[in-house]
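Inspection log for the structure reproduced underneath, given as structure tokens.
The values are calculated or read from the model by the stated rules, or taken from the named source; none is laboratory data. What you are looking at is a predicted structure, and each value in this text was computed from that prediction instead of being measured. So basically every Cβ, Gly included, is an ideal-geometry build from the backbone, and we count neighbours across all protein chains shown. Heads up: the accessible areas ignore ligands, DNA and RNA and are worked out on the full protein's heavy atoms, side chains in. Shrake-Rupley method; radii C 1.70, N 1.55, O 1.52, S 1.80 Å.
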Amino acid sequence: MKAVIFDLDGVITDTAEYHFQAWGSLAAALGIPFDREFNEQLKGISRTESLDKILARGNLSEAYTDEDKQELATRKNAEYQRLISAVTPSDVLPGIKSLLTELHDAGIGIALASASKNAAFILDRLELTRYFDSVVDVTAIRHGKPDPEIFLTGAANLGVQPADCVGIEDAQAGIQAIKGAGMFAVGVGTPSQMQGADIVVASTAELSLSMLEEHFCEFTK
Ligand code: BG6
Ligand code: MG
């Protein structure tokens, strides 16, 4: 195991909840049903793809011009940014800070592979930026999750082979991306949400360097 590539929202901090709330407000304003089960499909995918799925759910795909859609996505992002402006280092999920410290001390590469254009801001708010050897620039990625491109770019940025990487995700699209990249996939959530993951943890509190190395060695044996 030479590198660990992290998703952000829902893995490092619980901003997946804020995405849910911000989309929920927009969906309510548009009269579109919105719940946690449907929200699972939005995890890991881009802002515009999320909006398209929400509008399709309300049979409103044809009801808005591209300009209107741009305005709706901006409205969601404004609400999301209002919510994340209050993020502090105390919002780092359990086990993550100690895992980052262990990885750093062991000389294992650390990268961020987030679909969010707000990722760098959130890492700064959490005071975690210094742990990351690479934060993949999502604006330079052509194919979003479930395509493996963002994880492959993270590995390339670190100068390691994908087969030597562990990816950690809370989204079905993210697990597919990690496996498509040929990496070991750790899912955070329930086994039914994390289909295809090599191991699933219910909480980030279960993650540690020794735990990851043990499972990774077992997998590559
Ligand atoms: C991902 C989230 O990390 O980022 C998605 O899981 C979100 O829910 C996507 O849509 C894009 O985020 P942003 O901040 O650019 O709208
Ligand atoms: Mg996520």
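Here is a list: D133, D170. Which entry is within 12 Å of ligand 2 (Cβ to nearest atom), touching a strand residue (DSSP E or B) at 6+ places or on another chain (Cβ under 6 Å) and of a type in the set (D, E)?
D170
Filter the range 178-202 down to the residues that are open to solvent by less than 50 Å² (accessible area, probe 1.4 Å), more than 15 Å from P162 (Cβ to Cβ) and of a type outside the set (V, I, T) and list them by number.
G187, G189, M194, A197, listed by residue number.
Say we look at the range 93-102 and pick out the residues that are touching a residue at least 40 places away in the same chain (Cβ under 8 Å) and out of contact with any helix residue (DSSP H, G or I) (no Cβ under 6 Å at 6 or more places or on another chain); which of these is least open to solvent (accessible area, probe 1.4 Å)?
The selected residue is L99.
I'd like the residue in the range 1-37 that is open to solvent by less than 60 Å² (accessible area, probe 1.4 Å), within 16 Å of ligand 2 (Cβ to nearest atom) and in a helix (DSSP H, G or I) and, out of all such residues, is nearest to I178 (Cα to Cα).
Once the filter is applied, the top-ranked residue is A16.
Between S61, S116, S90, which is buried (at least 17 other Cβ atoms within 10 Å of the Cβ), of a type in the set (S, T, N, Q) and not in a strand (DSSP E or B)?
Being buried (at least 17 other Cβ atoms within 10 Å of the Cβ), of a type in the set (S, T, N, Q) and not in a strand (DSSP E or B) holds for just one of S61, S116, S90, which is S116.
I need every pair where a residue in the range 6-21 that is polar (S, T, N, Q) has its Cβ under 6 Å from the Cβ of a residue that is near ligand 1 (Cβ under 9 Å from one of its atoms) and open to solvent by 10 Å² or more (accessible area, probe 1.4 Å), sequence separation at least 6 or different chains.
As it stands, the answer is T15/D9, since those pairs meet every condition given.
When only residues in the range 169-197 that are hydrophobic (A, V, I, L, M, F, W, C) and not in a loop (DSSP other than H, G, I, E, B) count, which is farthest from G44 (Cα to Cα)?
F184
Write out, first by first residue and then by second, each pair whose Cβ atoms fall under 6 Å of each other, whose residues are 6+ apart or on separate chains, and whose first residue, in the range 148-176, is in contact (Cβ under 8 Å) with a residue 24 or more places away in the chain while the second is away from ligand 1 (no atom under 13 Å from the Cβ) and of a type in the set (D, E).
Short answer, once both residue conditions are applied: L158/D133.
Restricting to the range 44-58, what's the tally of residues that are within 16 Å of ligand 2 (Cβ to nearest atom) and open to solvent by less than 50 Å² (accessible area, probe 1.4 Å)?
Looking only at that region, the number is 4.
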